[in-house]
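A short worksheet on the structure shown next.
The values are calculated or read from the model by the stated rules, or taken from the named source; none is laboratory data. The shown structure was predicted, so the numbers you read here are calculated from the model rather than taken from an experiment. FYI the Cβ positions are ideal-geometry reconstructions off the backbone, even for glycines, and counts take in every protein chain you see.
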Amino acid sequence: MWVTSVIAGGELFDTPYKGELVKSFCVKCDKQQEMLNVKDKYYPKVGKPGFEGICLICGRKLYRVGSEKEIKKDDIESQYSKIEEIKNTCMACKNVWFYGVNEKPKELSISDKLHNLSVSYENTAKTGLAITGFLPAFLLPDKEKRKAPENPDRSRCPKCGSKAIKTKKVVHKFKK
């Protein structure tokens, strides 16, 4: 541990530097800032230890509640984003595939919905012509509506069709 002089908020501070600086949210700067003159402090209302220091940028007093281990864990977790997926493994063919936890069923696009609307109007008009006496309208074929893509059956293996599936929830972490 060694002492370094730092200017923060227009004042000169001699701060002990242990290698890693403790970060806390500064209200004035409106973001996470490193603390100077970090001192251990016990917060009896919360019942936890913590740290007290001064903002590196503006010189305002900062507080951080929690032990060193908790704070380091929070800082490490805040650097990563998480994606949750379901991992499926087929016990018959050993095929592995993933799908998202919040995956929505597939739907028709707006252009397909508009196409289906126009097809239904055309088919209705053709039926109206046939009823009013224009008999060749019966010979005109009905137009087909577009269908939504099929949602995969999650209880079966897409490769072999087996129902012997092992599912597991997986969380992938990656740096922001």
Give the range 32-70 a look and list any residue that's in a helix (DSSP H, G or I) and over 10 Å from residue 22 (Cβ atoms), or say none. 69, 70
For the range 105-139: of the residues being charged (D, E, K, R) and assigned to a loop (DSSP other than H, G, I, E, B), which is nearest to residue 153 (Cα to Cα)? 106
Qualifying positions in the range 127-160 - more than 30 Å from residue 89 (Cα to Cα) and in contact with a Pro (Cβ under 9 Å, 6 or more places away or on another chain): 129, 130
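Among the residues of the range 1-31, what is the count of those that are surrounded by 12 or more Cβ atoms within 10 Å (Cβ to Cβ), modelled with pLDDT of 80 or more and not hydroxyl-bearing (Ser, Thr, Tyr)? So that I can check it myself, show each step before the final result.
Of the residues in the range 1-31, the ones surrounded by 12 or more Cβ atoms within 10 Å (Cβ to Cβ) are 6, 8-9, 13, 15-17, 21-26, 28-29.
Narrowing the set further to residues that are modelled with pLDDT of 80 or more leaves 23-26, 28-29.
Retained after the next criterion (residues that are not hydroxyl-bearing (Ser, Thr, Tyr)): 23, 25-26, 28-29.
Number satisfying all stated conditions: 5.
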It is to be established whether one or more residues within the range 105-114 are more than 22 Å from residue 169 (Cβ to Cβ), touching a Gly at 6+ places or on another chain (Cβ under 9 Å), basic (Lys, Arg) and modelled with pLDDT of 85 or more. no
Of all residues in the range 121-155, how many are more than 30 Å from residue 110 (Cα to Cα) and either surrounded by 13 or more Cβ atoms within 10 Å (Cβ to Cβ) or basic (Lys, Arg) (or both)? 1
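Residue-by-condition table, conditions (1) at pLDDT 80 or above; (2) among the aliphatic types (A, V, I, L, M); (3) farther than 30 Å from residue 172 by Cβ:
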site	(1), (2), (3)
34	yes, no, no
41	yes, no, yes
60	yes, no, yes
69	no, no, no
Filter pass, residue 81 being out of contact with any Phe, Trp or Tyr (no Cβ under 9 Å at 6 or more places or on another chain) and either at pLDDT below 85 or assigned to a helix (DSSP H, G or I) (or both): no
